[in-house]
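Before any comments, here is the structure.
The values are calculated or read from the model by the stated rules, or taken from the named source; none is laboratory data. Not measured: the values here are computed from a predicted model. Reconstructed Cβ throughout: ideal geometry from the backbone, glycine too, with neighbour counts over all protein chains shown.
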Amino acid sequence: MNNEIIARALANTGIEKLNEMQQAVLDAGTTKDMLLLSPTGSGKTLAFLLPLLTTLTPGEERIQALIIAPSRELALQIETVFRSLGAGYKVYCCYGGHPIRMEKKSLEYPPAVLIGTPGRIVDHLDRGTIDLDTVRTLILDEFDKSLELGFLKEMKEILSHLPGVRRRVLTSATAAVDIPDFIGMAAPVRLSFLKDVKEAKGLTLRIVKSPVKDKLETLYKLLGELNGESALIFCNFRETVERVSSYLTEMGVDNEYFHGGMEQPERERALSHFRNGSATVFISTDLASRGLDIPEVQHVIHYHLPVNEEAYVHRNGRTARMNAEGNAFLILNEVETVPEYITREPKEFFLPEVARKPLRPEWVTLTINRGKRDKLSKKDVVGFLFQKGGLEKDELGIVEVKESCSFAAVKRNKLSALLERIRDEKIKNMKAKFI
């Protein structure tokens, strides 16, 4: 293991010390297949990328490593972490939801590391735009989720195009994993950091009773009691996600929703608004329970009961991580009961008769219709908003630059004046729309 490469990469990220799991992965070396089991949010991405750096060969214009993720957001997150390491290798991310022609052009010059979702990787294989013969390392991140989402056929197809793979790394946030034979794992090193506990120490579980079958009014009352703190609401169906969001919007609650049927730009916008605090209420299917780069939340709300214990554990894993504290609320109507797998008796959380209006976030999002494809950087956006927009440091929050647009969190009471100041300004000598 080249310690100099690792040290340089860590210095670039600003990380001073690896956690126990990351150090164990590093110590295990790069000669054997590996199965890594570790909770969501524990730093698995950095754990498998650091050893990978030491196996890459400079100057090779071919794909040396393939990383497959079950969702677009996770694939993009892996790409972001890899770039932050500053290793100097070309990396590229392929995913659905945007035109494939953009990817075809970029792939004319093969990256050292290719990241992608199963469906889009197969699409490129069918078109002949990628050659995986030279791949030596295969990493399947949250691989059980890929199989669960119905990518079995695609995964088999991809594996059949990897004749030169020397090492396979599989990661998962759950212990209930079966490794299919076609993956070809040979006596892997098994590292498990999953504790045999159903609930985190800092998690407080509460029941909220809905007097009627429809839980919308109960949910609204509950949100009014949370003091504007972040809440992640889980529903079992896409239609319910949108219905809940529409109701809350009508009631004046700033919220975003998220599910697998949305177009990629919509998904990115929703996630950015939740990450930067301009929406503190986020409604989603179980797609948001793992594999997404979203901040830890104070409150998890089970609008629908989880389909099983595993879903319950992963949902709750979005709060009370490490040493933090958090709350999980089960909203039950008159015909529902607490699932048997919840062994700890939850206390009831009583709601007031008259609902209090949920607090609005202190941040709003400014959207700029320019992004990475216009060679715009985060530094460009920040400099523009300070110099031309006249914002002070504490008036600008999280800034994210996407492929075709950028998002900047701005204090709510500063947005109107900001829009007035920048309305006719150019950013990096480009005309732009500011919304």
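At a glance:
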item: Selection count, region 348-365, where residues are in contact with a helix residue (DSSP H, G or I) (Cβ under 7 Å, 6 or more places away or on another chain) and either part of a helix (DSSP H, G or I) or among the hydrophobic types (A, V, I, L, M, F, W, C) (or both); result: 4
item: Matching residues, region 369-385, being outside any loop (DSSP other than H, G, I, E, B), in contact with a Lys or Arg (Cβ under 8 Å, 6 or more places away or on another chain) and surrounded by fewer than 21 Cβ atoms within 10 Å (Cβ to Cβ); result: LYS372, ASP374, ASP380
item: So ALA320, is it at pLDDT below 95, within 22 Å of VAL297 (Cβ to Cβ) and loosely packed, with under 15 Cβ neighbours inside 10 Å; result: no
item: Qualifying residue in region 381-390 (condition: more than 30 Å from MET251 (Cβ to Cβ) and touching a residue at least 40 places away in the same chain (Cβ under 8 Å)); result: yes
item: Any hit, region 336-344, residues being part of a helix (DSSP H, G or I), touching a strand residue (DSSP E or B) at 6+ places or on another chain (Cβ under 8 Å) and touching a residue at least 12 places away in the same chain (Cβ under 8 Å); result: no
item: Considering residues of region 49-80 that are closer than 20 Å to ARG167 by Cα and among the β-branched types (Val, Ile, Thr) only, the residue surrounded by the fewest Cβ atoms within 10 Å (Cβ to Cβ); result: THR57
item: From TYR312, TYR257, TYR247, residue being part of a strand (DSSP E or B) and among the aromatic types (Phe, Trp, Tyr); result: TYR257
item: Qualifying residues in region 245-268 (those that are at pLDDT 95 or above, out of contact with any Leu (no Cβ under 7 Å at 6 or more places or on another chain) and not acidic (Asp, Glu)) - the one surrounded by the fewest Cβ atoms within 10 Å (Cβ to Cβ); result: GLY252
item: Hey, LEU376 modelled with pLDDT of 90 or more and within 22 Å of LEU219 (Cα to Cα) or not; result: no
item: Where THR337 falls short, out of the listed (1) modelled with pLDDT of 95 or more; (2) exposed (fewer than 15 other Cβ atoms within 10 Å of the Cβ); result: (1)
item: Some residue of region 194-208 being surrounded by 14 or more Cβ atoms within 10 Å (Cβ to Cβ), under 30 Å from GLY119 (Cβ atoms) and in contact (Cβ under 8 Å) with a residue 60 or more places away in the chain; result: yes
item: Subset of region 112-155 that is in a loop (DSSP other than H, G, I, E, B) and of a type in the set (S, T, N, Q) - its residue that is nearest to the chain's Cα centre (by Cα); result: THR117
item: Filtered residues of region 218-243 (kept if of a type in the set (A, V, I, L, M, F, W, C) and either out of contact with any helix residue (DSSP H, G or I) (no Cβ under 8 Å at 6 or more places or on another chain) or surrounded by fewer than 22 Cβ atoms within 10 Å (Cβ to Cβ) (or both)); result: LEU222, LEU226, PHE237, VAL241
item: Number of the condition not met by ARG136 [criteria: (1) touching a helix residue (DSSP H, G or I) at 6+ places or on another chain (Cβ under 9 Å); (2) on the phi < 0 side of the Ramachandran plot]; result: (1)
item: Among (1) of a type in the set (A, V, I, L, M, F, W, C); (2) more than 22 Å from PRO39 (Cα to Cα); (3) in contact with a helix residue (DSSP H, G or I) (Cβ under 8 Å, 6 or more places away or on another chain), the one test that LEU170 misses; result: (2)
item: Residues of region 405-421 satisfying the condition of being surrounded by fewer than 20 Cβ atoms within 10 Å (Cβ to Cβ) and either of a type in the set (A, V, I, L, M, F, W, C) or in contact with a Lys or Arg (Cβ under 6 Å, 6 or more places away or on another chain) (or both); result: LEU415, ALA417, LEU419
item: Those strands (runs of 3 or more DSSP E) lying entirely in region 156-235 with at least 3 residues within 30 Å of ASP131 (Cβ to Cβ) and in contact with a strand residue (DSSP E or B) (Cβ under 7 Å, 6 or more places away or on another chain); result: 167-172
item: Residue list for region 403-435, restricted to those being in a strand (DSSP E or B), touching a residue at least 60 places away in the same chain (Cβ under 8 Å) and out of contact with any Ser or Thr (no Cβ under 9 Å at 6 or more places or on another chain); result: MET430
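Conditions (1) among the charged types (D, E, K, R); (2) closer than 13 Å to ALA65 by Cα, marked per residue:
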{"site": "ARG120", "(1), (2)": "yes, no"}
{"site": "LEU125", "(1), (2)": "no, no"}
{"site": "ASP133", "(1), (2)": "yes, yes"}
{"site": "PHE143", "(1), (2)": "no, no"}
{"site": "PHE151", "(1), (2)": "no, no"}
{"site": "GLU154", "(1), (2)": "yes, no"}
{"site": "GLU157", "(1), (2)": "yes, no"}
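Quick grid of which residues meet (1) at pLDDT 95 or above; (2) of a type in the set (D, E, K, R); (3) assigned to a loop (DSSP other than H, G, I, E, B):
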residue	(1), (2), (3)
ARG243	yes, yes, no
ALA279	yes, no, yes
GLY291	no, no, yes
PRO306	no, no, yes
